[in-house]
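Here's the structure we're looking at; comments come further down.
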Protein chains: 2
Amino acid sequence: MPPTPRPGRPARGSATGRPVMAALDLFGRRWTLRILWELRDRPLGFRALREQCDGMSSSVLRQRLLELIEARLVERGDDEGYGLTALGREACGELLGLHAWAERWAAELEGPGPAGRGA
Amino acid sequence: MPPTPRPGRPARGSATGRPVMAALDLFGRRWTLRILWELRDRPLGFRALREQCDGMSSSVLRQRLLELIEARLVERGDDEGYGLTALGREACGELLGLHAWAERWAAELEGPGPAGRGA
DNA sequence: GCGTAGTGTTTCTGAAACCGAAGCACCAGC
DNA sequence: GCTGGTGCTTCGGTTTCAGAAACACTACGC
């Protein structure tokens, strides 16, 4: 299991510990973005979260949660399960921007098409 | 090689084709965010881009570039190499938000610490 | 007490993704 | 013809992920 990326420590695929590199490494791992997204407006238990993520592998979910907890984006409540920290909510705010972008993206791909949209 | 995520088509790990899911899948692949980041303010050739990404594997770089081209985030100029499309620049704008967040993240982890920062 | 149902978590095996170095084909300058 | 620069491909080994099964624990009804 690779180390959890954190600012100040060299990220995977980066000689520097620049915060943005650590973030790019952390968010570039499979399911990480999705987990943050699914927790965006309420905490979820392990199994519920797994359901939301279309039944992703429990071993990987566990791993990602540990990483996110170590990175202080996620924390465990006593009853509610896993939820975002203040830092996690801020990051999720940025994902909202991505969500808006994705809608424009969809519109763009659907519409004009020099490079064709069908495979 | 898995299919390139695109809105309207079920993304990996998602039953739906919702644009945001496709985006989360696309951006959740290793190096994808980093590539966009490195292209943020000028086009780069294959080898130069590879250098910027700390010597990432050329086979994976090729794969990611094809995906990004198919997703219309990246295009090839005749001379300058690979550069962002208008859509790609928009997405990159969202990454700038992530960059700003990463700085706050670094400050937060450096400062107060209930969960400890040292391993 | 005893079984049932619900957690979160762990373990395991095979598949998929990634790494990394080497080498290819091509072109420009000399 | 050689050198040095591209972009790109191939291939064996390593890492990561997938998916199902089972574990430990708790709360409940009985």
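Mind listing the label-point distances from A:Q52 to the same position on all other copies, shortest first, one decimal in nm, points 7 Å along Cα→Cβ?
3.5
Could you tell me which residue out of A:W31, A:P10, A:F46 lies farthest along the dipole of region A:1-62 toward its positive end? Charges go on the beta carbon: Lys and Arg +1, Asp and Glu -1, centred on the Cα centre.
Sorting the options by dipole projection puts first A:P10.
Defining the label point at 7 Å along Cα→Cβ, can you sort the distances from A:G17 to the same site in each other copy, shortest first, in nm?
Nearest first, the other copies' label points are 4.6 nm away.
From the phi angles alone, apply the Karplus equation (6.51, -1.76, 1.60; θ = phi - 60°) to region A:28-35 and give each ³J(HN,Hα) in whole Hz, x where the residue is Gly or Pro.
Using θ = phi - 60°, the values come out as x, 8, 4, 5, 4, 4, 4, 4 Hz.
Using θ = phi - 60° and the Karplus relation 6.51 cos²θ - 1.76 cosθ + 1.60, list the HN-Hα couplings for region A:101-110 in order, rounded to whole Hz, with x at every Gly or Pro.
Going residue by residue, I get 4, 4, 5, 5, 4, 4, 4, 5, 6, 6 Hz, with x marking Gly and Pro.
For region A:31-110, max minus min Cα coordinate along each principal axis, in Å, sorted largest first?
43, 27, 19
From largest to smallest, what semi-axes in whole angstrom does the protein assembly as shown give when each is the square root of 5 times an eigenvalue of its alpha carbon gyration tensor?
29, 22, 15
For region B:84-93, just list the computed ³J(HN,Hα) in residue order, Karplus coefficients 6.51, -1.76 and 1.60, θ = phi - 60°, integers in Hz, with x standing in for Gly and Pro.
Per residue, the Karplus-derived 3J(HN,Hα) values read 7, 7, 4, 4, x, 5, 4, 4, 4, x Hz.
Compute the label-point distances linking B:L66 to its equivalents in the other copies; points lie 7 Å from Cα along Cα→Cβ; give nm, one decimal, shortest first.
Computed spacing set for this position: 3.5 nm.
Could you give the distance between the Cα centres of region A:24-42 and region A:66-89, to the whole Å?
One Cα centre to the other: 12 Å.
Which residue is it, in chain B, whose C-beta lies closest to the B-to-A rotation axis, and what is that distance in whole Å?
B:G97, 3
Taking H placed 1.01 Å from N in the peptide plane, check which residues at least 5 places from B:A11 or on another chain put their amide H under 5 Å from its amide H.
Correct list: B:T16.
Let me check something: with ligands and nucleic acids excluded, how do A:T16, B:T85 order by accessible area (1.4 Å probe), largest to smallest?
A:T16, B:T85
Leaving out ligands, DNA and RNA but keeping every protein chain, what accessible area does A:S58 have, in Å² rounded to the nearest 10, with a 1.4 Å probe?
We get 50 Å² for A:S58.
For chain B, set up a Gaussian network in which alpha carbons nearer than 10 Å are linked by springs, and say which option among B:A102, B:A11, B:A48 fluctuates the most.
B:A102
The values are calculated or read from the model by the stated rules, or taken from the named source; none is laboratory data. These numbers come from a predicted model, not from an experiment. When we count neighbours, we look across all protein chains shown, and the Cβ atoms used for this are built from the backbone with ideal geometry, even at glycine. Calculation scope for accessible area: heavy atoms of the full protein, side chains included, ligands and nucleic acids excluded. Shrake-Rupley method; radii C 1.70, N 1.55, O 1.52, S 1.80 Å.
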